[in-house]
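Trainee: Just passing along the structure, written as structure tokens.
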Amino acid sequence: MKIIKNIFDSQRKHFDKRGKWEKFYPVFEATETFFFIPDHVTQKGPHVRDSLDVKRFMSFVILALMPPLFFGIYNTGYQSNLVSGLPLDFFTVFSKGLSIVLPLIIVSYAVGFFWEFLFAIIRKHPISEGLLVTGLLFPLTLPPTIPLWQAAAGISFGVVIGKEIFGGTGRNFLNPALTGRAFIFFAYPGKMSGDSVWTVMSSVKTSAVDTFSGATPLAIASITETYGNIEASLSKAGFTFSTLFWGNHTGSIGETSSFLCLIGAMILIVVGVASYKIIIGGVLGALITGGLLNLIATEASMPWLSLNPFYHLVMGGFAFGIAYMATDPVSAPGMETAKWVYGFAIGALTILIRVFNPAYPEGVMLSILFMNLFAPLLDHFEIKVRLRRRIANV
Amino acid sequence: MENLLSIALNSVFVGNILLAYFLGMCSFLAVSKKMETATGLGFAVIFVLAITTPTNWIIYHYLLAPGALSWAGLPAADISFLKFIIFIAVIAAMVQIVEMVIDRFSPALYTALGVFLPLIAVNCAILGTSLFMVERNYTFTESLVFGISSGTGWMLAIVSMAAIRKKLRYADVPEGLEGFGITMIVTGLMAMSFMLFSGITL
């Protein structure tokens with residue numbers, strides 16, 4: 001540690017005011033604070049509403065992302081080896097998964113930090129740790145087969161258009177990771193949805209599986225045609241409620257295990273990063289909407305309507321989205337009642353889109369972005385209502 | 001009834017006149033700076049649409065459409081090529097009335113809206129709604145519902161834009177993008193989020 005400290009101390013003069021690399025001070029500062037606690041800590045929060053230090057804030061999110069990350073690596077490798085007929089012991093599977101997921105994460109961080117550094121140097125603002133979270137959240141929402149250059153394009157769009165042009169962390173109004181994902185979702189739909197993108201086939205195909213269906217639970221649910229039968233056709237395809245809950249199935253890298261997302265959500269709530277109101281609101285929204293749809297379901301209607309609402313919670317990216325994306329404190333509303341409404345609307349919209357919109361099998365991503373748009377409006381209304389109440393009490 | 005509901009939902013969310021068809025952009029960009037003016041203009045647009053769309057329906061179906069003049073003994077006449085100019089004239093007249101009403105009852109809003117109130121007359125959302133009404137063969141009631149809900153969709157967009165711009169006051173936008181530049185980008189991002197509903201057929 002002493003050696004590293006000495007390196008920084010000896011180089012500092014070049015980066016200070018009037019040093020020869022004065023322009024690159026943000027890079028120096030970011031690298032230094034990566035190793036050492038800075039003398040100066042953020043006085044105000046990442047955005048006006050919170051008093052947590054940005055670094056601590058972001059490290060907690062990263063910590064909470066670890067369970068889905070490691071399970072995602074394992075599961076990606078497992079699914080890949082399963083269909084390629086390769087051995088399924090832990091180390092083979094994990095290293096396989098690592099070889100698929102690690103490049104994605106490296107690309108996401110490298111490209112993301114390139115933009116962050118560029119903006120920091122030109123616009124002379126400090127490099128923010130927000131990217132550590134965005135750069136990790138983003139690859140976890142991607143299917144494992146995504147080409148690396150598309151991931152690079154996505155994170156570029158998310159970081160530049162979703163965040164940097166608004167002035168950096170805390171000033172954006174959409175979740176940057178989801179903005180990037182939505183961009184590549186619309187730009188390269190063939191690589192972002194469908195049945196073949198969720199599993200990496202090894203080129204060394206040894207034996208066994210000639211045909212396999214890579215369909216996700218949501219895809220299976222939306223093609224089921226008989227009334228009241230989605231649960232049955234799901235379990236025929238190997239997706240029982242417990243598989244879906246524990247997460248050993250196909251899907252985007254980080255989203256499959258609802259259980260681990262639940263643990264992540266717990267961590268975030270306990271350390272005060274995520275608002276439990278948004279999470280509970282979202283779960284209630286999904287359950288109530290799902291339940292109401294059950295009530296109007298008849299023999300003649302779409303089979304989707306009759307699905308047990310609890311299945312909605314464990315299918316697709318709902319758990320991941322509501323735990324890590326919807327609770328992003330920058331793009332969520334800051335007022336307390338508004339958070340309930342916001343979470344509830346995300347849950348309800350997700351279910352409505354899954355059931356009624358044939359264009360997308362999944363609705364979490366766009367529901368969260370959609371409600372991000374209305375978060376400032378919800379805040380505005382709640383402030384107005386509270387002000388009115390205050391005057392009445394005087 | 002179900003038909004009317006689906007038209008309403010369709011024009012507020014799925015085919016939002018602003019975020020799906022990009023009509024009415026100029027006043028959307030210019031008046032969304034403040035919440036109060038945005039709300040005021042939103043209501044004004046709803047009101048104008050609620051009057052002009054059915055009025056234009058009547059004019060189109062009893063004067064302009066092919067064969068509409070049969071009541072006057074001219075069954076072969078087709079003057080539907082006049083619809084643009086007539087629709088614009090109706091809209092301009094209606095906007096004049098709305099302007100006088102607002103001036104009378106809410107002078108503050110009148111000054112706040114300034115030049116954008118008469119500019120509703122050339123707001124493409126208004127003319128667009130009338131033309132869509134013709135194109136989609138709506139009945140009279142449908143055209144009324146369509147007008148009101150198109151306006152509601154427009155208002156929803158401008159009000160949420162005003163709220164976002166209020167939040168963006170804390171943003172630090174690069175020099176070249178300040179003002180309209182960033183507003184255009186925000187509009188694009190809003191439209192992307194509204195893609196949530198695209199594909200729903202009601």
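No value in this document is a laboratory result; all are computed from the given coordinates. For clarity, every value in this text was computed on a predicted model and none was experimentally measured. Positions of Cβ are generated from backbone atoms using ideal geometry, with glycine treated the same way; all protein chains shown enter the neighbour counts.
Trainee: So what J values fall out for the stretch B:100-105 if you push phi through Karplus, 6.51 cos²θ - 1.76 cosθ + 1.60 with θ = phi - 60°, rounded to Hz, Gly and Pro as x?
Mentor: Using θ = phi - 60°, the values come out as 5, 5, 5, 4, 6, 9 Hz.
Trainee: Right, here's the next one. Quick one: Karplus J couplings for the stretch A:322-332, per residue in order, coefficients 6.51, -1.76, 1.60, θ = phi - 60°, nearest Hz, x for Gly and Pro?
Mentor: 6, 7, 10, 8, 5, 8, 3, x, 6, 9, 8
Trainee: Related question: Are there GluC sites (Glu not before Pro) in the stretch A:290-386 that DSSP puts in a loop and that have at most 10 other Cβ atoms within 10 Å, and which ones?
Mentor: Answer in residue order: A:Glu299.
Trainee: I would also like to ask the following. What are the ³J(HN,Hα) values, in whole Hz, obtained from phi via the Karplus relation 6.51 cos²θ - 1.76 cosθ + 1.60 with θ = phi - 60°, for each residue of the stretch B:144-149 in sequence order, with x given for Gly and Pro?
Mentor: For the stretch B:144-149, the Karplus curve yields 5, 4, 4, x, 4, 6 Hz.
Trainee: What is the sum of charges, Lys and Arg at +1 and Asp and Glu at -1, for the other residues whose Cβ falls under 14 Å from the Cβ of A:Gly347?
Mentor: Combined, the nearby Lys, Arg, Asp and Glu give +2.
Trainee: Against the longest principal axis of chain A, how steep is helix A:130-140, in degrees 0 to 90 to the nearest 10, with axes from Cα atoms?
Mentor: 20
Trainee: Between B:Ala112, B:Ala76, B:Leu29, whose Cα lies farthest towards the positive end of the dipole of the stretch B:2-199 when Lys and Arg beta carbons carry +1 and Asp and Glu beta carbons carry -1, centred on the Cα centre?
Mentor: Of B:Ala112, B:Ala76, B:Leu29, it is B:Ala112.
Trainee: Which lysines does B:Lys33 reach when only Cα atoms under 18 Å apart count, and residues fewer than 8 places away in its own chain are ignored?
Mentor: A:Lys384, B:Lys166, B:Lys167
Trainee: In whole angstrom, note down how far apart the Cα centers of the stretch B:45-108 and the stretch B:139-175 are.
Mentor: Distance between centres, Cα-based: 24 Å.
Trainee: Check cross-link reach from A:Lys339 to the aspartates and glutamates: straight Cα distance under 12 Å, and skip same-chain residues fewer than eight apart.
Mentor: Here the aspartates and glutamates satisfying the reach criterion relative to A:Lys339 are A:Asp328, A:Asp379, A:Glu382.
Trainee: Also, quick follow-up: With +1 assigned to the C-beta of every Lys and Arg and -1 to the C-beta of every Asp and Glu, and no other charges, what is the dipole magnitude of the protein assembly as shown about the Cα centre in debye, to the nearest 20?
Mentor: The dipole of the protein assembly as shown has a size of about 1620 debye.
Trainee: Then there's this: What percent does the relative contact order of the stretch B:1-157 come to when contacts are Cα pairs within less than 8 Å and at least six residues apart? Walk me through the numbers on the way to the answer.
Mentor: Working: 205 pairs, mean separation 67.9, N = 157.
Here the relative contact order equals 43 percent.
Trainee: In what order do A:Cys261, B:Cys26, B:Cys124 fall by count of nearby beta-carbon atoms within 10 Å, going from fewest to most? Let's see the in-between values first.
Mentor: Details: A:Cys261 27, B:Cys26 13, B:Cys124 17.
Arranged by neighbour count, lowest to highest, A:Cys261, B:Cys26, B:Cys124 become B:Cys26, B:Cys124, A:Cys261.
Trainee: Lysines near A:Lys2 by alpha-carbon distance under 30 Å, same-chain residues fewer than 8 away left out - which ones?
Mentor: A:Lys13, A:Lys17, A:Lys20, A:Lys23, A:Lys55, A:Lys124
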